[in-house]
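**Student:** Structure below; questions to follow.
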Amino acid sequence: PEAITVQELAKRMGERGADLVKALFKMGTPVTITETIDQDTAELLIVEFGHRINRVSDSDVDIQAEADVDAPETLQSRPPVVTIMGHVDHGKTSLLDAIRGAKVVAGEAGGITQHIGAYQVAMKDKSKITFLDTPGHEAFTEMRARGANVTDIVVLVVAADDGLKPQTIEAINHTKAAGVPMIVAINKIDKPDANPQKVREELLQHEIIVEQMGGEVQDVEVSALKKTNLDGLLEAINLQAEILELKANPDRPAEGAVVEAKLDKGRGPLATVLVQRGTLRVGDVIVVGAASGKVRAMIDDHGRQVKEAPPSFPVEVLGLGAVPSAGDQLTVVENEARAREVASYRQSVLDKKRTTSAPLSLENMFANRA
Ligand code: GTP
Ligand code: MG
């Protein structure tokens, strides 16, 4: 089998060379753009990037990957994916509960969020917003480190009676690093000692200039407890989403990212997946990280079984052979043999990484290579 330079492959795929180098690095194959990679690796990259491989014959694979960029006319608007971040107890889950008319906080052990909640809320005008509630910032960082930038907008929740705290500042830094637009929700304004203006001033020290201070970051005063100005927050999100013009092609095999995963005693591996493009369907053959399987069932955030999951839709997927990790990419492949092949390759890459390198921050490594 022929070898090919990263540069040439990138050209044929219509991707940026730097992005291929990044992906290769993550796969445990550090190379520069002018170096060659073998055909197996090239094929894997093609699949990773969601491109198709042109098979000349069964045994011979031409690495002329078809660029798999969705044509503009196939794109349709999709709901924004909004991640709620902020310091412990500042009211992230309460705010989402208030928006959804749910009571998640009440059921949490010690009122502390232990896992990521993924929900989709329908607005009065029928438009939708997908929300991710994070237990801490590890999950967000972890997903980013794995290349799964699923978040379109961050809502930073700051309690008006408490101001900026260490995790608030962490959240600000993560959001800046990800280049994701932010909306500040100043919460708990019902409290007698609430001081929203102080929050705005503290934000200034971190170069967040909110609208009230003459800047461009939307700030909204809310009370999750009293359900005050929730519409204002939703409007701010919709406005930001409109600016972003979020679109995806729903009519293609699905690609998505794992938000969280666990092993359920009765049902086996469960992965909460956010579909990013295409539509995921029951019966689809999938590779998720180093796991593979067939979608046996999908469950939405209301516990209902669904047959299809379009872009920005969060679903729990049943049918994987192993438990994937947060940030793992889901890809639909043509058949189970191919799924096992890709999964086992990814596993071997993971094994290699485990034995050859200490835990590292991908962000740092990328910075070094850039
Ligand atoms: P973690 O998941 O542990 O990070 O916390 P969280 O940010 O999700 O906070 P949570 O929603 O669990 O709320 C923490 C506490 O603040 C709870 O006791 C809430 O009832 C209270 N709280 C949340 N929002 C408000 C509000 O608008 N006003 C008042 N007075 N209390 C609130
Ligand atoms: Mg919470």
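**Student:** Output the residue which, of all residues in segment 115-141 that are modelled with pLDDT of 70 or more and out of contact with any strand residue (DSSP E or B) (no Cβ under 8 Å at 6 or more places or on another chain), is nearest to ligand 1 (Cβ to nearest atom).
**Tutor:** Among those residues, the one meeting the criterion is Pro135.
So that you can scan it fast, the table gives a plain yes or no per residue for (1) open to solvent by 20 Å² or more (accessible area, probe 1.4 Å); (2) over 29 Å from Lys247 (Cβ atoms); (3) in a strand (DSSP E or B):
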{"position": "Leu274", "(1), (2), (3)": "no, no, yes"}
{"position": "Leu280", "(1), (2), (3)": "no, no, yes"}
{"position": "Val287", "(1), (2), (3)": "no, no, yes"}
{"position": "Met298", "(1), (2), (3)": "no, no, yes"}
{"position": "Ala322", "(1), (2), (3)": "yes, yes, no"}
{"position": "Ser325", "(1), (2), (3)": "yes, no, no"}
{"position": "Thr331", "(1), (2), (3)": "no, no, yes"}
{"position": "Glu334", "(1), (2), (3)": "yes, no, no"}
{"position": "Ala337", "(1), (2), (3)": "yes, yes, no"}
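**Student:** Within segment 1-10, is there a residue that is β-branched (Val, Ile, Thr), over 19 Å from Gln347 (Cα atoms), at pLDDT 85 or above and outside any strand (DSSP E or B)?
**Tutor:** yes
**Student:** Looking at segment 86-111, which of its residues are more than 7 Å from ligand 1 (Cβ to nearest atom), outside any helix (DSSP H, G or I) and open to solvent by 50 Å² or more (accessible area, probe 1.4 Å)?
**Tutor:** Matches in segment 86-111: Gly101, Lys103.
**Student:** Got a number for residues in segment 279-313 being within 19 Å of Ala343 (Cβ to Cβ) and not hydrophobic (A, V, I, L, M, F, W, C)? Steps first, please.
**Tutor:** Here is the first cut: in segment 279-313, the ones within 19 Å of Ala343 (Cβ to Cβ) are 280, 283-296.
Checking which are not hydrophobic (A, V, I, L, M, F, W, C) leaves us with 283-284, 289, 292-294, 296.
Residues meeting the conditions: 7.
**Student:** Right, another one. Applying the selection to segment 155-199, what residues are under 28 Å from Pro324 (Cβ atoms) and either within 14 Å of ligand 1 (Cβ to nearest atom) or part of a loop (DSSP other than H, G, I, E, B) (or both)?
**Tutor:** Val155, Gln167, Glu170, Ala171, Gly179, Val180
**Student:** Just for segment 323-344: of the residues that are more than 27 Å from Gln120 (Cβ to Cβ) and aliphatic (A, V, I, L, M), which one is farthest from the chain's Cα centre (by Cα)?
**Tutor:** Going through segment 323-344, the residues more than 27 Å from Gln120 (Cβ to Cβ) turn out to be 334-344.
Then keep just the ones that are aliphatic (A, V, I, L, M); that gives 337, 339, 342-343.
Working: Ala337: 27, Ala339: 22, Val342: 21, Ala343: 20 Å.
Looking at the filtered set, the residue picked out is Ala337.
The values are calculated or read from the model by the stated rules, or taken from the named source; none is laboratory data. Everything numeric in this text was worked out from a predicted model, so none of it was measured. Please note: Cβ atoms are built from the backbone with ideal geometry, for glycine as well, and neighbour counts cover all protein chains shown. When the accessible area is computed, the model is the full protein with side chains, heavy atoms only, and any ligands, DNA or RNA have been set aside. Shrake-Rupley method; radii C 1.70, N 1.55, O 1.52, S 1.80 Å.
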